[in-house]
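Working notes, beginning with the structure itself.
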Amino acid sequence: MTTPTMTNEPWRWTIAETAEKLRAKEISAVELTQAHLDRIRAVDGAVHAFLRVTADEALAEAKAADERLARGQDLTPLTGIPLALKDVLVTEGITTTAGSRFLEHFVPPYSATVVKRLRAAGAISLGKLNMDEFAMGSSTENSAYGPTHNPWDLDRVPGGSSGGSAAAVAAGEAMGTLGSDTGGSIRQPAALTNTVGLKTTYGRVSRYGLIAFASSLDQIGPFTRTARDCALLLQHIAGYDPNDSTSADVSVPDYAAQLTGDIKGLKIGIPKEYFVEGTEPGVVKVVEEAIATLKTLGAEFIDISLPHTKYGLPAYYIIAPAEASANLARYDGVKYGLSLRAEAADLEDAYMRTRQAGFGPEVRRRIMLGTYALSSGYYDAYYKRAEQVRTLIRRDFDAAFAQCDVIISPTSPTVAFKLGARVDDPYAMYLSDLFTIPANLAGICGVSFQGGFSEGLPVGVQLLGKPFDEGTILRAADAFQRVTDYHTRWPNLAAAAKPKGATKAKKAGGKK
Amino acid sequence: MSLSRADVEHIALLARMRLSEDELNRMTEQLAGILEHIAVLQEADVSDVPPSASTLPPIDHFRPDIPAPSLPVDALLANAPEREDSYLRVKAVLE
């Protein structure tokens, strides 16, 4: 089955096919951008993927893209393509909140390197996307501006922390988006919304201008509807950046050229520790079917073991909060952001009041956990031990990748859960990231793609790859998409959609 | 390792973050719960295992020592809650 490309609904097109239509002048970048702004107006009142739609800027960028297309010079596959950005990426002159009250009025003086690179490629930004506050969460319910709703079932979460980035792509509000992944924040929402989400190898993409959560784990990556579109976005954000000393000076291959459709002889490892009790049977079934499909395409499967998997989640919940407690010390009410100095008795009182008022409950919890893990007397028992475990997890992957090219698993143990179902139980929420966290600790890359459905809800399949081998996991996901149609299916938002010409949707808890 | 309410108050002070009475109680309970799950780390055999702070090979990047303009002071201070000339203004640290 292929997507019906109705000309009046260009938001259904893939980036790859749209790039051709733009060059053939079948549609202009302005028309394409306007179609997405109309789609946002129609459905985002129900989905709430966007915190801010920058329509005027988008249309101006589209006009510039059309001029570039008319000249026919300096074109890239992203020229004229409407995208959107997780609100953790700073954008010069455009309010950037990271989903926090702390940064409600923060207007960055510069743009993130990835934002500049996409702009240089001629891409258009439609606006900024909702997220869990400071990227801490797995449901987007920790946003200070209200949750995002899963387009497949508006009563369910879209996953998180990049829930807005995932939902926008799933609902046809943007052709691709950027998110960030510290413990699964790209892959898990991709799985829950029937999209492709790529966590890049640590160092593959510059973090300059990414508001920091846990600096040794954070990575930026794309959301799209196809593996090919993901490769096109990755191509333009990857590479060394002098402004980020942790970005790697490793050459960037032609990712789209690696999507040959041929995975004959590809060795895929099945880690027994990722197929354990606790995962929903409907999720396991989809992953097993995906394995069978990949087998018919010529992939070879071997059983492998990643013996220290069970220590991944606890090690992460020491390391990530520890780094967060240090990174978020900058929010002191002195330099930028919220400040309650007026009513404070002295400087310390100003810190205490400002940080109480500015951070939501989950951020406070993680700052507390991290401060504790780093405090005198507990450092060896918690932080140092967690970093030793991190070495063990890295060694697990090194040993596994000596036997296989990629590793397959479920992305998330469950399908999308109901809004509110886990907000009172922090650890139950943390379990959403059981299968995604080890890749962050080891620094390797991973992609989640559409494996199928369980009870009408999307199920993601995760492929983990060797460091800097994004091309191979994308090749396998692309090969799978050539023989399946799950990635072409759309959520039914007809009931939620406002008719054309309706007044601008009011955002629950959101703001413009 | 158990966690008392007094411990949580101390951590909040270290983090320079005031917590309400209600939140102190809730935080004590929730942090204790999370630490219980994390305790499994103590079972891992980490003897002779070096810690990894990063997954990158430790390579220093060098760039040519060429002066380049920084962001303008006014752009950087545009978000400051309170400024005086080119400075951030804070409450007096020493009386």
Check region B:20-38 and report whether any residue there is more than 22 Å from A:Gly360 (Cα to Cα), at the interface with chain A (Cβ under 9 Å from one of its Cβ atoms) and open to solvent by less than 80 Å² (accessible area, probe 1.4 Å). yes
Just to confirm my filter: which helices (runs of 4 or more DSSP H) fall fully inside region A:383-475 and include at least 3 residues that are modelled with pLDDT under 95 and either out of contact with any Cys (no Cβ under 7 Å at 6 or more places or on another chain) or assigned by TED's automatic domain parsing to the domain that holds A:Ala238 (or both)? A:426-430
Residue within region A:317-338 that is more than 25 Å from A:Leu217 (Cβ to Cβ) and among the hydrophobic types (A, V, I, L, M, F, W, C) present: yes
Across region A:349-382, what is the number of residues that are more than 7 Å from chain B (Cβ to nearest Cβ), assigned to a helix (DSSP H, G or I) and not hydrophobic (A, V, I, L, M, F, W, C)? 9
Any hit, region A:261-275, residues being at negative phi, at pLDDT below 95 and touching a Ser or Thr at 6+ places or on another chain (Cβ under 9 Å): yes
Considering only residues that are more than 9 Å from every other protein chain (Cβ to nearest Cβ) and assigned to a loop (DSSP other than H, G, I, E, B), which ones fall in region A:325-339? A:Tyr331
Within region A:383-426, the residues that are within 14 Å of another protein chain (Cβ to nearest Cβ) and of a type in the set (D, E, K, R) are A:Lys384, A:Arg385, A:Glu387, A:Arg390, A:Arg394, A:Arg395, A:Asp396, A:Asp398, A:Arg422, A:Asp424, A:Asp425
Considering each residue of region B:39-56, count those that are facing another protein chain (nearest Cβ under 7 Å) and not polar (S, T, N, Q), and give that number. 9
Quickly run through region A:124-142 and pick out the residues that are under 29 Å from A:Ala35 (Cβ atoms) and open to solvent by 10 Å² or more (accessible area, probe 1.4 Å). A:Ser125
With respect to A:Thr148, is the statement that it is among the polar types (S, T, N, Q) and within 19 Å of A:Ala497 (Cα to Cα) true? yes
For region A:279-324, how many residues are within 14 Å of another protein chain (Cβ to nearest Cβ), open to solvent by 40 Å² or more (accessible area, probe 1.4 Å) and in contact (Cβ under 8 Å) with a residue 40 or more places away in the chain? 2
For region A:435-454, give me each residue that is within 21 Å of A:Ser139 (Cβ to Cβ), within 14 Å of chain B (Cβ to nearest Cβ) and out of contact with any helix residue (DSSP H, G or I) (no Cβ under 6 Å at 6 or more places or on another chain). A:Ala439, A:Asn440
Any chance you could count how many residues in region A:290-324 are under 22 Å from the mean Cα position of the chain (by Cα) and not in a helix (DSSP H, G or I)? 0
Only one of A:Lys272, A:Lys264 that is over 27 Å from the mean Cα position of the chain (by Cα), more than 30 Å from B:Ser86 (Cα to Cα) and either open to solvent by less than 50 Å² (accessible area, probe 1.4 Å) or in the same structural domain as A:Met136 (by TED's automatic domain parsing) (or both): A:Lys264
Mind listing whichever residues of region A:415-463 are in contact (Cβ under 8 Å) with a residue 40 or more places away in the chain and of a type in the set (D, E, K, R)? A:Lys418, A:Arg422, A:Asp433, A:Glu455
In the set A:Pro109, A:Pro82, the lone residue that is buried (at least 24 other Cβ atoms within 10 Å of the Cβ) and at pLDDT 95 or above is A:Pro82
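The values are calculated or read from the model by the stated rules, or taken from the named source; none is laboratory data. Predicted model only: the values in this text are computed from it and were never measured. Because the Cβ atoms are built from the backbone with ideal geometry, glycine has one as well, and the counts that use them run over all protein chains shown. Keep in mind that these areas ignore ligands, DNA and RNA; they rest on the heavy atoms of the full protein, side chains included. Shrake-Rupley method; radii C 1.70, N 1.55, O 1.52, S 1.80 Å.
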